[in-house]
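The values are calculated or read from the model by the stated rules, or taken from the named source; none is laboratory data. Note that the structure is a prediction, hence the values are computed from the model and not measured. Every residue, glycine as well, gets a Cβ built from its backbone with ideal geometry; the counts of neighbours run over all protein chains shown. Ligands, DNA and RNA are excluded from the accessible area calculation, which covers all protein heavy atoms including side chains. Shrake-Rupley method; radii C 1.70, N 1.55, O 1.52, S 1.80 Å.
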Amino acid sequence: MGKITGFIEFNRELPSKNSVNERIKDFKEFQNHWSDKEASEQGARCMDCSVPFCHSGCPLGNIIPDWNHMVYLGEWENALNILHSTNNFPEFTGRICPAPCEASCVLNINSDSVAIEHIEKAIADRGWKEGWIKPIKPIERSGKTVAVIGSGPSGLAAAQLINRAGHATTVFERSPEPGGLLRFGIPDFKLDKDIVNRRINQMEKEGVVFKTGVSVGVDINSDELFQKFDAICLASGSTVPRDLNVPGRDLDGIYFAMDYLTSQNSAIASNRTLNPSITAAGKKVVILGGGDTGSDCLGTTIRQGADQIHQFEIMPKPPQVRIDSNPWPEWPMIMRTSSSHEEGGIRDYEIMTTSFTGKNGKLEKMECVKVKWDNESNNSTSPSMQIVPNSKFELNVDLVLLAMGFLHPEKKGPIGQLGVNVSEKGNVITDQNKMTNVNGVFAAGDMVRGQSLVVWAIAEGRKAATGINKFLSNKEKCQ
Ligand SMILES: Cc1cc2nc3c(=O)[nH]c(=O)nc-3n(C[C@H](O)[C@H](O)[C@H](O)COP(=O)(O)OP(=O)(O)OC[C@H]3O[C@@H](n4cnc5c(N)ncnc54)[C@H](O)[C@@H]3O)c2cc1C
Ligand code: SF4
């Protein structure tokens, strides 16, 4: 374990962040680094519990107490090797994972959890800085070929492992550059794109081929592609956004969050000179949706210089602390304040938009009502919503960003063309090896789980890679 008395001697401390005034001037990451001594003290807080709940809290099953111990001892390269044994991309999760492991850390029962996510980031960043992370080429090639469709975290994790197992791997991506939501959804201030590029370069050196700007199902028929490869891994995300069908929805000035975020991320990628096609500069903005995507929109609108920003959520404000029916080690359903919320904007809950109005096709106002949720009135587990009488209000607005989640993957394209079965919700159905109903076609990530997390996408991609390797080695349907 770290240090026997570590959790008593040292408090949980996170690296400092640049001040709000400083960091909103640009889109750069703003979290600073620990010194070696600070990292060692944080590693020392781990109690190496005989039943380490953090293991099962992490979807990857990261071997957290072991790398905490190595960081405490200053054995960084050993820590990196342990971390890489379960996680292909710890520099991504170390930055943007909501850290379910920390919620289930035993210390979190009555104290502050070990700073697992930041320790992970420190290990990964150290590995890159020291040059320990190198391309790992397969020892021999199997002669088999695999196509991965989609280059988000699930596709990247699957492709890296399939290729390392010796199967020639080609990733097809319809966007101009690989990375999926890591590149075009998540803002640079949370994840700098050079960090994504670094991994893509490593994978290219390992032999993975990336074919970008190719939309499978449009530029190449999926059946045709399947004939050319021994197996396919669908990793195309859950990309159909939830819309808001109220009067005035078609006015100019109302956008899906992903269109907005992609425009800013692309502008930064284009040598930081191109202006985003959608901007909040000088505008009155309303973000609809209180989740992470809404929070990313908030941080982006602040940096673009919005005049006034509201973020509305239809659901009730979560409690500040766990309620009895949501005990440790479950993920706590509590009020969260992201770094973007620290930076500005007004958050409000239980608000429903009823219409948009404008002049000459341009958005000018929105009308909303207050709502109330009632768990008990209909004696069912799903709460019922009522409009609060006389609660109607109007707001002047120039830009509305719809960040209300995603419904399911696109049905046209590979799913439809290959005849892959989907669930009632519209997500792809797979067996325990991540194989779909079509022999040799596998699926991973948000396509299977619905909109989820990067850590889950990596875990799914790893599982699909294992399934594909088994399938290609046995040459039969794996059960
Ligand atoms: C704005 C935003 C912020 C988020 N922030 C966080 C966060 O901070 N932390 C976190 O853990 N999770 C976050 N998430 C969730 C996380 O990004 C996703 O769960 C994760 O990226 C899913 O990975 P994936 O590989 O399954 O799919 P994606 O990342 O969606 O990648 C799918 C890829 O497939 C490509 N594609 C689709 N169809 C085709 C086709 N026919 N042919 C070729 N290519 C195709 C797409 O262009 C895309 O590049 C966020 C999500 C959003 C939208
Ligand atoms: S990947 Fe996420 S859940 Fe797993 S150890 Fe890292 S921060 Fe925790």
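Laid out as a table, the results:
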{"quantity": "Antiparallel bridges, percent of DSSP beta bridges restricted to the range 245-404 (to nearest 5)", "calculated": "50 percent"}
{"quantity": "Kirkwood-type radius of the range 351-479, with distances r between different C-alpha atoms, in Å", "calculated": "18.7 Å"}
{"quantity": "From phi via Karplus (6.51, -1.76, 1.60), per-residue ³J(HN,Hα) for the range 426-439 in Hz, x at Gly/Pro", "calculated": "x, 8, 5, 8, 10, 8, 5, 9, 6, 8, 7, 5, 8, 4"}
{"quantity": "The range 23-145, relative contact order [Cα under 8 Å, separation at least 6], %", "calculated": "26 percent"}
{"quantity": "Space enclosed by the convex hull of the alpha-carbon atoms of the range 245-404, per residue, Å³", "calculated": "138 Å³"}
{"quantity": "Alpha-carbon centroid distance for the pair the range 310-366 / the range 399-422, whole angstrom", "calculated": "24 Å"}
{"quantity": "Scattering curve values for the range 69-145, log₁₀ I(q)/I(0), Debye with Cα scatterers, q = 0.15 Å⁻¹", "calculated": "-0.60"}
{"quantity": "Distant-in-sequence amide H partners of PHE256 (H built 1.01 Å from N, under 5 Å)", "calculated": "LEU402"}
{"quantity": "The range 76-221 - Kirkwood radius from inverse mean 1/r over Cα pairs (Å)", "calculated": "16.5 Å"}
{"quantity": "Share antiparallel - DSSP beta bridges, the chain, percent rounded to 5", "calculated": "40 percent"}
{"quantity": "Simple label model, 7 Å out from Cα along Cβ direction - GLN320 to ASN21, nm", "calculated": "2.8 nm"}
{"quantity": "Förster radius 41 Å - calculated FRET efficiency between ASN78 and ASP348 (Cβ-Cβ, nearest 0.05)", "calculated": "0.25"}
{"quantity": "The chain: mean projected area of Cα convex hull, nm²", "calculated": "24.7 nm²"}
{"quantity": "Cα-based Rg / Dmax (Å) for the range 158-268", "calculated": "16.9, 55"}
{"quantity": "Alpha carbon centroid spacing (whole Å) that separates the range 91-133 from the range 190-235", "calculated": "28 Å"}
{"quantity": "HN-Hα J in Hz across the range 398-414 - Karplus 6.51, -1.76, 1.60, θ = phi - 60°, x for Gly and Pro", "calculated": "10, 9, 10, 10, 8, 10, 10, x, 10, 7, 5, x, 6, 7, 6, x, x"}
{"quantity": "Residue-averaged 222 nm ellipticity for the chain, from DSSP H runs of 4+ at -39500 (n - 2.57), nearest 500", "calculated": "-9500 deg cm²/dmol"}
{"quantity": "³J(HN,Hα) computed for each position of the range 144-150 - Karplus, 6.51 cos²θ - 1.76 cosθ + 1.60, integer Hz, glycine/proline x", "calculated": "9, 10, 9, 9, 10, 9, x"}
{"quantity": "Amide H within-cut-off set for ARG249, under 5 Å, with H built and near neighbours excluded", "calculated": "PHE356"}
{"quantity": "Cut-off 18 Å, label 7 Å out along Cα→Cβ of GLN227, residues of the range 122-161 by amide N", "calculated": "145-147"}
{"quantity": "Accessible area per residue in Å² at 1.4 Å probe, computed on the chain", "calculated": "46 Å²"}
{"quantity": "Cα-based equivalent ellipsoid, the range 6-130: semi-axes from gyration tensor eigenvalues, Å", "calculated": "22, 17, 15"}
